[in-house]
Each structure stands twice: as structure tokens, then as C-alpha cells.
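The values are calculated or read from the model by the stated rules, or taken from the named source; none is laboratory data. Source: prediction; values computed, not measured. For neighbour counting, all protein chains shown are included, and Cβ atoms are generated from backbone atoms with ideal geometry for every residue, glycine included. These area figures cover heavy atoms from the full protein model, side chains too; ligands, DNA and RNA do not enter into them. Shrake-Rupley method; radii C 1.70, N 1.55, O 1.52, S 1.80 Å.
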Amino acid sequence: MGPISFYNRFEFFWYCGLDIMMETVPPTPTAEERKVVQEFGDLLEASKNLFNGLRDLPQYGQRQWQPYFARTFETYTKLWKFQQENRLVLDSVYGLKRWQIGEIASKIGQLYYHYYLRTSEANYLNEAYHFYSAIRTRNYYKNAHKEESCSDLLLKKHRYYARFIVVCLLLDYKQDVYNLVMDFSKQVEEQKQHLENNGQEWTQVVSEIKAFLDAEPVEVLKAETYQKCDLSMRLCSGILPPPEKGVQAHVTLGDAIIVGNSPSQLKFSELTIDMFRMIQVLERKPVSPKDSQKNDKTIPTNENGKTQLKRDNPHKYLLYRPTFYQLFTFVSTAVKELPPGQALLLYISAHGTKPNRPQDPGGYEYGGVITNDRKDEGNVLTKPSPKKTSTLIKNMHCIHPGDLIPFTRKPLLIIIDSDNSRSFAEMPNYFGQPFICLMSPEELPAAMKDNFENGRLLTLFLYSPVFAFMQVCGVNQTSDRVYETCSQVVHKALDESQRAYLRSRILDHGYLQIFGDDFLRLILLRFVFCFCVLRLHRAFKDDSYYPSSHPELPTEDFVGNPAINKAIVDMADVLGVRTLFLDADGR
């Protein structure tokens, strides 16, 4: 049994006014009332135990968690229905308080959010949104600061706000986010005397989310009202050119592992700005909450009651600053569970590290990328002298190309956005499976380096080619009309890039094997757009300023493609930055 839409199935009684607290002194409870209270207490305890048990489930793997989640949802279904049907008795006899109802609803919202993380289906975010929104509308935590255990309740309340903000961010409900942050900031300030260290931790959380909201490199305003536009970067009709006839999905994207470790980059709730952007690259645009109410998104089951998932999106693992061992476990498990004909995408945004001296070959001689800055002191057997420390002690959580070679036994696409990305340029393909590695520029012009904390450039091109183009041109504000015009030009450039992929006579066959998958094709097309834009931009004058790929893309088919270059020049004309680019013929 999978999660059902509580919002639809039981039609929250909070709209019926049955949650108004009884103020009269209750008489001695009857046996039937005591039975109701006892059953509610048992359900409440069982639900808490199951919810706490979710922390013990392994985050990796797709086969172990489903039965446990089904039991947890079933218990919360009973608990929620029971407290609705017996609200008067629970109010008068049990002394049920509004914050307790809010806590149950908050945990159901968390369940849906975690189910989204497990399945990558964004429609489950809508279910979480329903519960979180209703909690705020009904003010279930309004008087939390007046309760006896106010510090604990305020902690729950602030965590609820943080989770609600994350859900709204992932759903692209920017106006909701702005309203929540304003409300959240006000409450943290007003109630900080009840919090540990005067709420300094929560003040920092508010600062992080405000900075996160300001990270978009371009502000798009409505031409008539000059209000900010809410734009969705998820995959939807009109963003990706339709596949040409004859293009088959030999390999589809099954799982994606998104890794972020950039200490100086903006983050919120263990999501760096690069991770947040890649999440949206790998998801289709979800239906609105109203549509999701009409179409109850339940998990279908077969005759044996076993869950059958048919995903609209590839499953994603989100790893913020993982250790080497954590990342190795996640990658190996994902590769092991990949069905035939499916590929794994590994995305890493992290600082690189290069060796101080030549090392033995085998995928380790060029250094790698650091996924966690922590040093493991227990791994040094003898204490080296200070002079030798830098050469003998290496970061234990540096991912080298050689670490990933065993996983090329299955179709694999690697994206490395790092200042040492080209250490992955020579990864061998021993097993004949489709294997592609896309690598970011290792350096950027001086003016571009200041934008690093707001996200890396290659990731921005994969997320929004229009925003990335404007950023490299120094355009930070535009109208919705200009944005739409630029989007049409980008679509034309992607269409030309698709033709170049399909008509190239020297392109590695691995590209064509994964070209039938919508997400993988979108990434490949946007990578080519990035490649061509930077090649034509006058400020990018060195090979280290350009992205690269392995196997290498044939330059004559892409950078030398006059149709792609003309689209880029046309876009520069639209923005009035034509002088920043070479001519369409590369001169």
C-alpha cells in the first residue's frame, strides 16, 4: 500500500470548524470516551515510532524502503482519520491542542517530501505543500511561544517553516517563498528570547535563504508591471526540440547522483545552489496543486500488493559533502540496481585538487575533485615531519577518475563542474558501454570569478542557457518579452545542435546511444550551446576557459557550424551585446 492523498480522501476537517477547542469543563469520561483516548494514544505512539524509524533506513537503494514507507503512511492515515472523526472527544477528554494537530500534519507533509526524495516525482511535493499550507492557514503553531515547553515547540515550528520553504522552492512558488521568509524572519526576531543562544542559528538560516533567493543571475520583470516573473526551468513542452524520426531511446536515464561540496557557494538546507539547479534540470514540470487534487497521485500496486513505480523523472540521490565511502556506496548500489538499458548520471560540483608531484598512472595521476573537506586523522600510521605533511597526507575524500572506472560497466554520464575537471578527460572505457564525461572550464575570465558563490557556469548553462548567456554578457535584468525572444533563439540553436549530433560522421557512437532520452538529450544540447557560446565570446581566449568532453566532440560539427553560430550572434543582437562576440564565421 502506498501513500494516498489525505487532502482528497478525508477533506480536512479544519475547513469545517470542528477543531475549535472546547472551553467548558468536561464531565467524567465514559468508558467509550476512555477507549477513544486510549486508541488515539496507541496510534500516536505507533506513528511516532514508525516515523523515527525512517532515519534508520538506508538512503541508498530502491528496494528496501517501500514496505516501511507503506506501513508508515497507513498508520498516519488511520491517525489522521481517527482524530478527525473523534475530535470532540479528544478535545474535551484528551485535551488535544492545536499545535498537536499541526505536528501530525507536519509529519505527514514530511512523509510526502521524503517520498518525493525517494521517487523523484514532483507531484508528491504538491501533497506536502497542501499540508504545510493548511498548517499556516489554520495557525496551528500560533500560540506555541505561550506553551509551557515553548522552546521545544518553537524549534518544531521553525523547522516546519524551513521545510515549507524548501518545498515551495522546489515547486517554483517564489511568491510563497517570499511571504514565508518574511513571516519566518519576523517570528525568529520576535521569539528569539525563547530560543537557545537567542536564536542565532535560526537568524543564520533566514540569512541563508534570503541570499539563496537572490542567487539568480538575471532578474526577469514583467514589461507592464515591472514585477518579478516566476519562471520554471523544469522540462516541459517547448523547451526541448522534439526528436527527429528514427531516434530511438536505446538507453534511458534511470538514476542520478547529485553531489555538491563548495564551501564558499550559497546553500540552504544542505542544498547548494548548483545542486538545486541540477534537480530542476532532471525533472519535468509538475502539475499544479489544483490539478493534483483532481488526479490523485497514488502508487499503483499489482495483484500481489507490491509497489510498481513508473517514474516520469529519473530517481535522484542528493549528497551534500559526502565522504568517499558514502559516495562509493551510493554509486555502487545505483549501478547494481540499474535495469538493462538504463544509465546512471553522476554530477559533481566541487573544488579540485591537483597532485604536488607525478603519481603512478591508472586514473590517479591528475588529481580529482574533493567531495568533503574533512580530514581523517586516524589514517596516518606514522606522524610525518611538518615539511613532508603536504606530500604525504592526502584528502581521503578526493574522487579520482580511477575510482569511477569500475562503474563504467553500465551506461554512465559524468558531469564534473570543477577547477580540476579535466583530470577526468582520459578515463578509459574498458567495457564498451556508453560512457560520456562532460567537463566544465577550469578557469574563467577575471570578471566572471566573482560570481562563483552564486553557482558555477557550466551548471548554469545546463539549468538555463538564457540566464547563462546573459551572465557572460553582463546583463542582470531584462523584461519577460526579451526573455521570451531569447528563449526562442536558444531553442533554434538547440535544434541546430541536434541536427549536428545526428548528422556527424565522426561523433562517438556513445552520444547517439543515449540521445533518445529526453533528459540526457537536453543536457547534451545545452552543453554544446555552452561550448559554442564561450568559443565565440571575445573574453574567453584560452582553452582552459572552454568546457570539454570525453569522448571529444568534433569541433567542425559544432563550433564550426554556421547555423549554431548565427543563432548565438542573433541573441547577442537582441541583448545589444554584439561587440562581445566574434562573427558567425569565428572571426
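With a 1.4 Å probe and all protein chains left in place, how much of the accessible area of region 177-246 comes from carbon and sulfur atoms, in whole percent? Don't skip to the answer; put the middle values down first.
Details: 1960 of 4100 Å².
Whole-percent figure for carbon plus sulfur exposure: 48.
With every protein chain left in place and a probe of 1.4 Å, what is the accessible surface of Phe40, to the nearest 10 Å²?
Surface open to solvent at Phe40 totals about 0 Å².
If you stretched the chain out fully between Gln204 and Arg481, how much longer would it get, using 0.36 nm times the residue separation minus the C-alpha to C-alpha distance?
96.1 nm
Evaluate the relative contact order of region 430-587 (contact order divided by residue number), counting alpha-carbon pairs under 8 angstrom at least 6 apart; express in whole percent.
The normalised contact order for region 430-587 reaches 35 percent.
Measure off 7 Å from each Cα along the Cα-to-Cβ vector at Lys336 and Asp542, then give the distance between these two points in nanometres to one decimal.
According to this spin-label approximation, the distance is 4.4 nm.
Suppose R0 equals 22 Å. What FRET efficiency, 1/(1 + (r/R0)^6) with r the Cβ-Cβ distance, do Gln488 and Glu224 give to the nearest 0.05?
It comes out at approximately 0.65.
Using 0.36 nm per residue, how much length does the chain from Gln64 to Tyr325 gain when fully extended, once their Cα-Cα distance is taken away? Working shown, then result.
On the way: separation 261, 0.36 × 261 = 93.96 nm, distance 2.02 nm.
My answer for the length gained is 91.9 nm.
Report ³J(HN,Hα) in whole Hz for each residue of region 241-246, in order, from the Karplus equation J = 6.51 cos²θ - 1.76 cosθ + 1.60 where θ = phi - 60°; Gly and Pro get x.
Result, ordered by residue: x, x, x, 6, 4, x Hz.
Can you tell me how region 88-153 classifies by the Cα gyration tensor, rounded, prolate or oblate, using a/c under 1.5 as the rounded cut? Working shown, then result.
Values: a/c = 2.58, a/b = 2.07, b/c = 1.25.
Since a/c reaches 1.5 and a/b is larger than b/c, the shape of region 88-153 is classed as prolate.
Quick check: from the Cα gyration tensor, does region 394-518 come out rounded (a/c under 1.5), prolate or oblate?
oblate
From the cross-link list Lys174/Lys285; Lys228/Lys566; Lys97/Lys156; Lys228/Lys316, which pairs have alpha carbons spaced over 22 Å apart?
Lys228/Lys566; Lys228/Lys316
Quick check: from the Cα gyration tensor, does region 50-140 come out rounded (a/c under 1.5), prolate or oblate?
Prolate shape, in that a/c is at least 1.5 and a/b is the bigger ratio.
Counting only protein heavy atoms, what percent of the accessible surface of region 447-587 is carbon or sulfur at a 1.4 Å probe?
Of all accessible area on region 447-587, carbon and sulfur atoms account for 45 percent.
Once the piece of chain linking Ala446 and Gln248 is laid out straight, how much longer is it, given 0.36 nm per residue of separation minus the C-alpha distance between them?
So the extension gain works out to 67.0 nm.
Tell me the label-point distance for the pair Asp214, Asp56, using the 7 Å Cα-to-Cβ offset, in nm and rounded to one decimal.
Spacing of the two 7 Å Cα→Cβ label points: 4.5 nm.
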